[in-house]
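The values are calculated or read from the model by the stated rules, or taken from the named source; none is laboratory data. These figures come from a predicted structure and were not determined experimentally. Here the Cβ is made from the backbone with ideal geometry for all residues, glycine too, and neighbour counts use every protein chain on show. These accessible areas exclude ligands, DNA and RNA; they are computed on the full protein's heavy atoms, side chains included. Shrake-Rupley method; radii C 1.70, N 1.55, O 1.52, S 1.80 Å.
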Amino acid sequence: GLERGAKNQFSTFSNFITTINQKKEGIGNRNSPTQLVIPNIKNVRDLPPICLDVRQKQRISIDTLPQELKAPIPPDPSLPIRTKTVKDFQDDVEKAKSSGDWKAVHDFYSTTFDSFLEINAAFKKDTNSPFSTIEDSGIDAKFVNVVYDALLNTPQDVQKSVLKGIINGLLQEWKGPRTKDDLRAYCILLQNPQFSNTSTYVIYAHLLRQIAALTEADHHFLVHWSKKISQRRFKQLVDRLLQFISLRLFPAKPEEFPPMVKCTWWIPSATKVLALFNAANSLISPSIISYTDFYNSTLDHIDLMEEYHNWQCYGNSHRFSFCQYPFIISIAAKKVIIQRDSEQQMISIARQSLVDKVSRRQKPDMNMLFLNVKVRRTHLVSDSLDELARKRADLKKKLKVTFVGEAGLDMGGLTKEWFLLLIRQIFHPDYGMFTYHKDSHCHWFSSFKCDNYSEFRLVGALMGLAVYNSITLDIRFPPCCYKKLLSPPIVPCDHNTLVGICDVTLDDLFQIMPELAHGLSELLSYEGNVEEDFYSTFQVFQEEFGVIKSYNLKPNGDKIPVTNQNRKEYVQLYVDFLLNKSIYKQFAAFYYGFHSVCASYALLLLRPEEVEILVCGSPELDMSALQRSTQYEGYQKTDLTIRYFWDVVLGFSLDLQKKLLHFATGSDRVPVGGMADLNFKISKSETSTNWLPVAHTCFNQLCLPPYKNKKELKQKLIIGISNAEGFGLE
């Protein structure tokens, strides 16, 4: 709406601001943190950038706040009486549209947005109630939405009056802590759709600055109030903030904004306010919007390593870095940070090896620059275990694999084959390390006790090496595994500290053992007498090598009956036993194996879901993108066989597309960089067209005979991808 009309719609805006400032010079404090910064105002004082880390804000409780934050709540000033209802306003708008007389609407907007008190008078559900709890903001959301929806369709003078009123509110000289009415006003002003227009960014920036500078306790209220906003409007607020950050970083028209040196606080303020919405989003399960909706892809184009090094050097001090707010950094950008951090560690380790050799006057050998793994195919697991155990100091070097007795240089294919073969063997049910749950299609750690957990450490190291060397693994762990893997994200110095232990819920169990989780859920909702009907105690039973063993969930658990009163505790202890305690030694070895390779502060940037994507790839398939990036050998992309192939593949169901990807690459998932990172190749097979397609998974290569027609190609391709398992047909 603001883009309609003349380009200089706010041409007199700077004059208006200047007038406002001149009127306030006599009474206002020129150094007030709320002083408005406008492009043509000189000698503006910049506040230090706001860069406190609010990733944990959702865990804050008012009861646990330090005493200094529990400031006495000042009494709210009495509000003016405003009686206009939603229907009254809508009637005024309709009359204005039909008559062309917008005076009543103009008066409403100019009065309502003239001050924070007036905003509350108009939009507070009950002006006589304090609404001082986190559960209810007291805002009439429907009225706010109707007023804002109508705003962009009003004449320009109406829209200007709103912005002038907001400036009046922001220029007030604040004394003492904010009232709940002030917080309500901030919450309402943030939703103003006018702030999507770059011509309002100066005002928007000051609104964000004031909100970012609020106390921890005030942020706590805003976080909880924000989670009540509808999904569509919540997404609009997040997108508006992301756009603000992007356009400040890379403005299409730099002349529209003040010089960067005069508004260094814009981006930190916006990012901190965005963090409040991220905290609100995390409070609800399922979340209001996806965590990926907070990604700002613009950041993929800045110097991420400088951001990372600033964060490493200064932590969460007053020097701003986007790494303090990792939710805004996309998984692609995080992968770049991790890869470059890995490369720097590889170079550092290799350089140190070289220096050590030279200092001992030994002849340098190129092999010392790599992690060289030599294994026999017939003793794959034991040889791999021995090699990685002997070469722990080299784990951060570039990986190169050699199969004993076989000629060939490892240009990436042998490494991938080693991963594929090793993973398949270790995760085979007969091996006994992991249990495959058919209902959830995932593996989980076997709880069988053993004398040596080194093989679990090997699996952890394999996952770490895969991330470190940008290899996608065909592993099916539940999300809970990656949550445990980041508990904590940095290996503690004290080896007595428990690792791999995290808060687990019935939802986590549903992702592994849905049938058992459903039974426990039924227990929680059972309306009869739990003690008499279930006759259970705080004791569980597990079969280990044909022997039934019992475990108490709490001291003397076998003597404590499960009742209606304590069943929640029973379920929680049972879930904790299954996912934490019963597999502690196995998972601890797995944890230390992973972190022996991937020990990096970059892990602090990652969510559990993002670790899974780095290890296993993304489940989102885009076969059209694969078609665009595919390379050909013996074929041209215009050849009839290739056209048949893509017609068939693009028409496949998602299940068949996944089978094709798994057949050709060894995994049905996509690397973080997308289909282009697969380096997928289709080669011409000179065999008879009676043969099925063949795949070289180590090179992501599909060998396709020149089938005569589309029907034959489709038939042979479906047979091939649906019946191939491993390296042979069943």
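When Rg/Rh (Cα atoms, Kirkwood Rh) is calculated for this entry, the matching label among (1) 1.06; (2) 1.00; (3) 1.03 is (3).
Label reach from ILE490 (point 7 Å along Cα→C-beta): in the stretch 299-328, amide nitrogens under 19 Å belong to 305-327.
Rounded to the nearest 10 degrees, the angle from helix 710-723 to the longest Cα principal axis of the chain is 80 degrees.
The angle between the Cα long axis of helix 180-189 and the main principal axis of the chain comes to about 70°, on a 0 to 90 degree scale.
Where only DSSP H runs of four or more residues are counted, the chain gives -14000 deg cm²/dmol as its mean residue ellipticity at 222 nm, each run worth -39500 (n - 2.57). Spin-label model, ASP655 to ASP451: label points 7 Å out along the Cα-to-beta-carbon direction sit 4.7 nm apart. Taking a ≥ b ≥ c as the square roots of the Cα gyration tensor eigenvalues, the stretch 617-723 comes out prolate, since a/c reaches at least 1.5 and a/b is larger than b/c.
Rolling a 1.4 angstrom probe over the chain with all protein chains present gives an accessible area of which 52% lies on carbon and sulfur atoms.
Summary value for the chain: 10 percent relative contact order, contacts being C-alpha pairs under 8 angstrom separated by 6+ residues. If both residues of a DSSP beta bridge must be in the stretch 339-486, then about 40% of such bridges are antiparallel. Each label point was placed 7 Å from the Cα along the Cα-to-Cβ direction; for ILE718 and LYS554 their separation is 5.7 nm. Normalised by the number of residues in the stretch 383-517, the mean separation of alpha-carbon contacts (under 8 Å, six or more apart) gives a relative contact order of 21 percent.
Ranked by the mean number of other Cβ atoms within 10 Å of their residues, highest first, the peptides 116-124, 384-392, 337-345, 481-489 fall in the order 116-124, 481-489, 337-345, 384-392. Seen against the Cα atoms of the chain and their longest principal axis, helix 86-99 is set at about 70 degrees.
Indicate the gyration tensor shape class of the stretch 305-383 (rounded, prolate or oblate), computed on the Cα atoms with a ≥ b ≥ c the square roots of the eigenvalues: a/c under 1.5 is rounded; otherwise a/b larger than b/c is prolate and the rest oblate. Oblate shape, in that a/c is at least 1.5 and b/c is the bigger or equal ratio. Here r is the Cβ-Cβ distance between SER78 and GLN172 and R0 is 25 Å; the resulting FRET efficiency, rounded to 0.05, is 0.90. With Rh defined as the Kirkwood radius, the inverse of the mean 1/r over Cα pairs, the Rg/Rh of the stretch 86-294 is 0.95. Kindly identify the stretch 134-222 as rounded, prolate or oblate by the Cα gyration tensor criterion: order the square roots of the eigenvalues as a ≥ b ≥ c, call it rounded if a/c is under 1.5, otherwise compare a/b with b/c, prolate if a/b is larger, else oblate. Oblate is the answer for the stretch 134-222, as a/c is 1.5 or above yet b/c matches or exceeds a/b. Here the chain carries DSSP beta bridges of which approximately 60% are antiparallel, counting only pairs with both residues inside.
Packing here is the average count of other Cβ atoms within 10 Å per residue, and on that basis the peptides 519-532, 139-152, 421-434, 192-205, highest first, run 192-205, 139-152, 421-434, 519-532. Computed from the C-alpha gyration tensor, the three semi-axes of the ellipsoid equivalent to the stretch 339-486 are 31, 17, 15 Å, from longest to shortest.
Label-to-label distance for GLU406 and ASP430 is 2.0 nm, based on points extended 7 Å past Cα in the beta-carbon direction. Distant-in-sequence amide contacts of LYS398, defined by a placed amide H-H separation under 5 Å and a gap of 5 or more residues or a different chain, comprise LEU371. Rolling a 1.4 Å probe across the protein heavy atoms gives the chain an accessible surface of 49 Å² per residue. Extension gain, ILE134 to GLN565: 0.36 nm times the residue separation minus the Cα-Cα distance gives 152.3 nm.
The phi torsions of the stretch 206-219, fed into the Karplus equation with coefficients 6.51, -1.76 and 1.60 and a -60° offset, translate into couplings of 6, 4, 5, 5, 5, 5, 4, 8, 5, 6, 4, 5, 5, 4 Hz, rounded to whole numbers, with Gly and Pro shown as x. Only beta bridges with both residues in the stretch 617-723 are counted; by DSSP, about 35 percent of them are antiparallel.
Packing around the peptides 445-451, 684-690, 164-170, 544-550, taken as the average count of other Cβ atoms within 10 Å per residue, puts them in this order, highest first: 164-170, 445-451, 684-690, 544-550.
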